Amino acid sequence: MGPNDNPSDGYVDELQAFEEGITAWPPATPDCTECGHTQDLRQTTDGRWLLLDPDPWPTDVVPAGRRWFSTPDGLVLNGQGIDPPSNECRLAHQLVCSRQEPSGHWSDIRVVLWARNRARDGLPYE
């Protein structure tokens, strides 16, 4: 384990990084390559890059491992294994992108945001 691999320090494993669209290099633009909408491009505390859905949400409706918090220096930290530093957090855009296919394993907030994004883009969401 490296210095950023401690789960109590907001560590994100490779599966979660893949699911949330975390990359080693920043994308050319903050626009989602799937839906085309501009997102909030942020660097993670371990130096990777992530598109965040623009809206903040109460931490109590977002699963702990899917919460992203801003640090004082403008980076983002995953809320896995940490006490929430704020009562609001953000979600990775890829989890709620209108072009993603639904899964039976989604949290309530993810379903709501995905459906909102599908409706915005004129796509079926039932």
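The values are calculated or read from the model by the stated rules, or taken from the named source; none is laboratory data. This one's a predicted model, so the numbers in the text were calculated from it and none came from an experiment. Please note: Cβ atoms are built from the backbone with ideal geometry, for glycine as well, and neighbour counts cover all protein chains shown. The area values use the complete protein model at the heavy-atom level, side chains included, leaving out ligands, DNA and RNA. Shrake-Rupley method; radii C 1.70, N 1.55, O 1.52, S 1.80 Å.
Results, tabulated for the structure shown:
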| read-out | value |
| --- | --- |
| Condition check for residue 28: without any contact (Cβ under 8 Å) to a residue 12 or more places away in the chain and open to solvent by less than 60 Å² (accessible area, probe 1.4 Å) | no |
| Inter-residue pairs, beta-carbon under 9 Å, first more than 12 Å from residue 93 (Cα to Cα) and in segment 39-61, second open to solvent by 60 Å² or more (accessible area, probe 1.4 Å) and β-branched (Val, Ile, Thr), 6+ apart | 61/112 |
| Search result, residues across segment 93-117 that are over 21 Å from residue 56 (Cβ atoms) and of a type in the set (Lys, Arg) | 99 |
| Residue list for segment 31-74, filter: of a type in the set (A, V, I, L, M) and out of contact with any Gly (no Cβ under 9 Å at 6 or more places or on another chain) | 41, 52, 61 |
| Of all residues in segment 44-69 being among the polar types (S, T, N, Q) and closer than 24 Å to residue 100 by Cβ, the one that is farthest from the chain's Cα centre (by Cα) | 59 |
| Flag if residue 106 is among the aromatic types (Phe, Trp, Tyr) and either open to solvent by less than 50 Å² (accessible area, probe 1.4 Å) or free of Cβ contacts under 8 Å to residues at least 12 places away in the same chain (or both) | yes |
| Leading residue by the ranking (nearest to the chain's Cα centre (by Cα)) among those in segment 116-126 that are under 19 Å from residue 51 (Cβ atoms) and either small (Gly, Ala, Ser) or open to solvent by 50 Å² or more (accessible area, probe 1.4 Å) (or both) | 116 |
| Among residues of segment 46-82, those that are of a type in the set (Asp, Glu) and more than 25 Å from residue 112 (Cα to Cα), counted | 2 |
